[in-house]
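Colleague: Dropping a structure here in structure tokens format, bear with me for questions.
The values are calculated or read from the model by the stated rules, or taken from the named source; none is laboratory data. From a predicted model like this one, the values you see are computed outputs, not experimental measurements. Every residue, glycine as well, gets a Cβ built from its backbone with ideal geometry; the counts of neighbours run over all protein chains shown.
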Amino acid sequence: MDILRLESKIKNLRKTLTYLERSLKRLLDSNSDDVEFFQDSVASRFKILIESSWKFLKTVLEEKGFTDVPGSPKDVIFKAKEAKLIVDIAPSAFRCIEDILDRIEKDINKILPPKRQSDLVYHS
């Protein structure tokens, strides 16, 4: 197993998460004129974190000797779960995540005018 390669990827994941947290804090602290800019920043950093995360999982699977590692993010995540690199989250952890998301939503609702709040709703 190439430990240096994995350590480098972990370091990059931590840095990416730090940048995401910083962008989110700036979004929550911003005035209404800057909201769109910081929303874009948060979305971009989140996308980078997700991309880096599944690629990291793929690297770990390959380093553990899996030869049938899929190429798509969804398939890599399922393979990582199958390989027990990802475990089920306890119900209490889900409640904690929901609480965090609720707090973020409340903070966003404080800084966005009502019209802009509807822009955040996902439409398929």
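Colleague: State whether one or more residues within the stretch 99-107 are among the aliphatic types (A, V, I, L, M), at pLDDT 85 or above and either in a helix (DSSP H, G or I) or over 24 Å from residue 7 (Cβ atoms) (or both).
Modeller: As a first pass, look at the stretch 99-107 and keep what is among the aliphatic types (A, V, I, L, M): 100-101, 104.
Filter again for at pLDDT 85 or above, leaving none.
No, the stretch 99-107 contains no residue that is among the aliphatic types (A, V, I, L, M), at pLDDT 85 or above and either in a helix (DSSP H, G or I) or over 24 Å from residue 7 (Cβ atoms) (or both).
Colleague: Is it true that some residue in the stretch 110-119 is farther than 29 Å from residue 2 by Cβ, exposed (fewer than 13 other Cβ atoms within 10 Å of the Cβ) and modelled with pLDDT of 65 or more? Let's see the steps before the verdict.
Modeller: The initial filter retains those residues of the stretch 110-119 that are farther than 29 Å from residue 2 by Cβ, namely 110-119.
With exposed (fewer than 13 other Cβ atoms within 10 Å of the Cβ) added as a condition, the list becomes 110, 113-115, 118-119.
Cutting the leftovers down to modelled with pLDDT of 65 or more gives us 110.
Taking every residue of the stretch 110-119 in turn, at least one turns out to be farther than 29 Å from residue 2 by Cβ, exposed (fewer than 13 other Cβ atoms within 10 Å of the Cβ) and modelled with pLDDT of 65 or more.
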